[in-house]
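Read the structure below first, then the notes.
The values are calculated or read from the model by the stated rules, or taken from the named source; none is laboratory data. These numbers were taken from a predicted model, which means no experiment stands behind them. Virtual Cβ from ideal backbone geometry, glycine too; neighbours counted across all protein chains shown. Quick note on the areas: whole protein, heavy atoms, side chains included, nothing else; ligands and nucleic acids left out. Shrake-Rupley method; radii C 1.70, N 1.55, O 1.52, S 1.80 Å.
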Amino acid sequence: MVKPIIIEKKDNIKEKISLLNFKDQKPVLVFDIHKTTLDKEGNVNSDIYSMIKEKKEDYNIVFLSFDGQEKRIIENDKLLNKKVIYRKIPRIFMKKREKHKVLEEIYKLYKPKKIMLYDDNKKNIKDVVSLNNKNIKAFHYKKLL
């Protein structure tokens, strides 16, 4: 199991992102945790699970979550560890809603061809669009019922 990276409000994002230690320039898939990778009840989303299972060899994959509460960070980390393939995927928990800055630092540090964020929160999508970087994309994830 990988140790989660926790970004506190005062932390240097670049320093924390260097802990990902990607070895290559594969494209990066970033998945929000709450209401995307896990549904609102904390169950594994089968759509995201299937996508990760299919893409894990060709992409660097990261879980990224805005979690201001330590209790929720611990809980989400435990829920992710229930799936064997999720145990080796790096996870970043932020205590401030600045996912776009994390994506930007991943891009600067590791220089992947592209980064794609899947997130249920439209504010995060808008923040990524504001970066105005054609290699960093965000997709609004909405589970179909």
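Whenever a residue of the range 114-138 is farther than 20 Å from residue 58 by Cα and at pLDDT 95 or above, its partners that are surrounded by 21 or more Cβ atoms within 10 Å (Cβ to Cβ) and among the small types (Gly, Ala, Ser), lying with C-beta atoms within less than 7 angstrom and at least six residues away or across chains, give the pairs 119/138; 124/138; 125/138; 128/138; 129/138. Residue 39 falls short on exactly one of the conditions (1) open to solvent by less than 80 Å² (accessible area, probe 1.4 Å); (2) over 25 Å from residue 127 (Cα atoms), and that condition is (2).
Of the residues contained in the range 14-27, one or more are found to be of a type in the set (Asp, Glu) and either assigned to a helix (DSSP H, G or I) or modelled with pLDDT of 95 or more (or both).
Rundown of residues vs (1) open to solvent by 40 Å² or more (accessible area, probe 1.4 Å); (2) among the basic types (Lys, Arg); (3) touching a helix residue (DSSP H, G or I) at 6+ places or on another chain (Cβ under 6 Å), yes/no style:
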| residue | (1), (2), (3) |
| --- | --- |
| 73 | no, no, no |
| 81 | no, no, no |
| 84 | yes, no, no |
| 90 | no, no, yes |
| 99 | no, yes, yes |
| 110 | no, no, no |
| 115 | no, no, yes |
| 120 | yes, no, no |
| 125 | no, no, no |
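Among residues of the range 35-52 that are aromatic (Phe, Trp, Tyr), those with a Cβ under 9 angstrom from a residue that is not in a helix (DSSP H, G or I), sequence gap 6+ or separate chain, pair up as 49/37; 49/83.
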